[in-house]
1. Of the conditions (1) among the aliphatic types (A, V, I, L, M); (2) within 24 Å of GLU33 (Cβ to Cβ); (3) buried (at least 16 other Cβ atoms within 10 Å of the Cβ); (4) touching a residue at least 40 places away in the same chain (Cβ under 8 Å), LEU328 clears all except one; give me its number.
2. Give the residues of the stretch 234-286 that are assigned to a loop (DSSP other than H, G, I, E, B), farther than 18 Å from SER298 by Cα and hydroxyl-bearing (Ser, Thr, Tyr), sorted by residue number.
3. For the stretch 175-212, name all the residues that are farther than 16 Å from GLY129 by Cα and part of a loop (DSSP other than H, G, I, E, B).
4. Out of the residues in the stretch 10-69 that are among the charged types (D, E, K, R) and modelled with pLDDT under 95, which is nearest to PRO301 (Cα to Cα)?
5. Which of the strands (runs of 3 or more DSSP E) found entirely inside the stretch 1-73 contain at least 2 residues meeting this: β-branched (Val, Ile, Thr)?
6. Go through (1) farther than 26 Å from ASP91 by Cα; (2) touching a residue at least 24 places away in the same chain (Cβ under 8 Å); (3) out of contact with any Asp or Glu (no Cβ under 8 Å at 6 or more places or on another chain) one by one and return the number of the condition GLN176 breaks.
7. Residues that are among the hydrophobic types (A, V, I, L, M, F, W, C) and touching a helix residue (DSSP H, G or I) at 6+ places or on another chain (Cβ under 6 Å): does the stretch 6-26 have at least one?
8. With respect to the numbered conditions (1) modelled with pLDDT under 95; (2) on the phi > 0 side of the Ramachandran plot, which one is the sole condition not fulfilled by THR268?
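The values are calculated or read from the model by the stated rules, or taken from the named source; none is laboratory data. Keep in mind it's a predicted model, so treat the numbers as computed, not measured. Note that each Cβ is placed from the backbone with ideal geometry, even for glycine, and that neighbours are counted across all protein chains shown.
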Amino acid sequence: MNPNQPRSVPLVCSGHQRPVVHLHFSPLLQSDETYMLISSCKDGQPMLRDWTGDWVGTFLGHKGAVWQSKLSADTSRAATGSADFSAKIWDTFTGAPLHTFAHNHIVRTVALSPTTSSSSSSGAYLLTGGQEKKLRIFDLARPESDPLYLVGKGDPEGEKGKAHDGTVRSVVWDTQDGNVAVSAGEEGVVRWWDLRTLTQTAELKLPDPVSSMELAHGGGTLGVTSGKSVVFLDIARHDPPLSVALPHPPTSVSLHPFLRDRFIAGSTNDPWVRVYDLDTATERECYKGHHGPVHSVSYSPDGEMYASGSEDGTIRLWQTHPGESYGLWQGPA
């Protein structure tokens, strides 16, 4: 860490009563270049915040821990996956639940199609995965219809068989190619899917179990945490994977959306938030603020700050360039 760099003072976002397990920033809104943040928590009450970290609202309706939440590109809709064996779609303007999709086990991960918005439900879909080891697609224009299933190669169960041999830890919808999705199974396998045919097109086997996977803002690059490594994957599979070994087993990773020269990672081993250099794998910054392990980290879509969610039930917002005027870190006029 550079001793001449100003000290980073995080903004603390409180309100959750239990561990914060996942964070998701929306893309930049074209109207005003702001964005939103949604947090998932074991208290079962995901929260929506604006780009400054100020609380906007809480989604009430789940009866178990919410493991993951995602916002649509225009922030009008939110999707959540819960330990109550359901996934829900929410209206972010009113906080009302629009649809509830029942599952037979815990839903660990959700993804909304890039076309999902409030103006049209045509072409809007929800992809889910979890402890059933299955992947389902729900048509939001026909929420009462049966879901479609994605089935891995060689699965003996056929149409509604398993997509992974372990819990599905993450699903990602390619924002640049709406016909492609990627899933990561706890058994250490990442799979690519053609959503037009519901078939698997490729897979990558990692040597260790997968704990998380996220798509960088702007698309193109997936960040996967596996064992004590972070693996960066080209979602279009044009470039080979890049594996970076870390001294601590990471729980979550986020690549800077524009610079793409650094990434942040949290760990279950300690309450520190670390920024690493992508090329050298050296630690550039390390900050302590949480009072428990860090479960989730994420860069904002403009790259000016990053968020961390912890076992201590708080979210902390950190400046990428400490000392500069930004958001609630605005200096005197």
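1. For LEU328, the failing item is (3).
2. THR280, THR282, listed by residue number.
3. Correct list: THR175, GLN176, ASP177, GLY178, ASN179, ARG196, THR197, LEU206, PRO207, ASP208, PRO209.
4. Per the stated criteria, the residue is GLU33.
5. Details: elements: 11-13, 20-25, 36-41, 47-50, 55-58, 66-71.
Answer list for the stretch 1-73: 20-25, 55-58.
6. Only one criterion is unmet by GLN176, namely (1).
7. yes
8. The number of the failed condition is (2).
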